[in-house]
Amino acid sequence: MSPSSSKPSPGLWQPNPYANFPGPDHTAFLASAAAATGEDESDPVLAEANARATERQIAFFRSIPWCAALLDRPGLTVAQSESRRLNRTALDALCSRTLNQPGAIPAYIIFYDANEGLPPSSSSSSSSSSSSSQPNDEPLPLITQIYSLVALGPLVNGWTGICHGGIIATLLDETLGQIFAANGRHGRLPGTKASAVPVMTGYLNVKFVKPVRTGTVENPRVILISSRIVKTEGRKFFMKADVKDEQGTVLAEADSLFVMLKAKL
């Protein structure tokens, strides 16, 4: 579809910044990873690749009016998901490598209120701190809701122009898990990043309401996924999520149980 001959379809954006290079910087990174040394956290090559990819993905969504309206709300933390970050291991390889392609899922970010549940006196510094604590060492309240913007290209199709149901289930599971990544980033889960106990999916029930449309390599279609914790019981977290299009139409829903393990894997 040429911009000069017809208008973009609703929810699409032209031109796509990913159309002229192989993915958000990960191909060049992978080519040099074997020869590089150093830990991920202190590796300047890795840090630069992740910063560049994050900047481009956020810019992509801000170029779409309905997405920009969501991201421009005050007080939000907007970031690349932890699972999307490039690393030198097979950790989160599905999201950071396999699906991180121009024709698959070329852009994926999360956004949330990092001050959720905090008293006004501590909320001003919480978004920049990952080790905040309340007086008397009381545990910080959990961040219970995050949102994700995901761009879908043709390489995640089942039927032509329709996202495969297994990919939708994967995205629901993935974005629900990002709630715990966000809480860990802001010091609201037990343990440090190096010693944190994993939280894993106990079950995931998905209801497919309407087909989830995909776009083209040049014009991926964008969906909004809302994920939230609805109840906690000890180490158990009962959760819900839904997938919507730009009109707010619900396309898929999920209810899920996540469980915090008793020890590291």
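Annotation note: Cβ proximity below 6 Å between a residue of the range 101-112 that is more than 16 Å from Ile225 (Cβ to Cβ) and a residue that is among the β-branched types (Val, Ile, Thr) and open to solvent by 10 Å² or more (accessible area, probe 1.4 Å) (sequence gap 6+ or interchain) occurs for Pro102/Val217; Gly103/Val217. Does Pro135 qualify as being over 19 Å from Leu189 (Cα atoms) and either open to solvent by 10 Å² or more (accessible area, probe 1.4 Å) or at pLDDT 95 or above (or both)? So Pro135 does not fit the description; no. Among the candidates Val217, Val212, the residue that is modelled with pLDDT under 95, more than 17 Å from the chain's Cα centre (by Cα) and surrounded by 14 or more Cβ atoms within 10 Å (Cβ to Cβ) is uniquely Val217.
From the list Leu189, Leu204, Leu142, the lone residue that is at negative phi, modelled with pLDDT of 95 or more and surrounded by 17 or more Cβ atoms within 10 Å (Cβ to Cβ) is Leu204.
One residue stands out in the range 220-265 among those that are open to solvent by 40 Å² or more (accessible area, probe 1.4 Å) and aliphatic (A, V, I, L, M): the one that is modelled with the lowest pLDDT, namely Leu265.
In the range 26-85, which residue that is among the hydroxyl-bearing types (Ser, Thr, Tyr) and modelled with pLDDT under 80 is most open to solvent (accessible area, probe 1.4 Å)? Restricting to residues being among the hydroxyl-bearing types (Ser, Thr, Tyr) and modelled with pLDDT under 80, the top hit is Thr37.
The values are calculated or read from the model by the stated rules, or taken from the named source; none is laboratory data. Bear in mind the structure is a predicted one, so any value in this text is a computation, not a measurement. Note: ideal-geometry Cβ built from the backbone for every residue, glycine included; neighbour counts use all protein chains shown. The accessibility values were calculated without ligands, DNA or RNA, using every heavy atom of the protein model including side chains. Shrake-Rupley method; radii C 1.70, N 1.55, O 1.52, S 1.80 Å.
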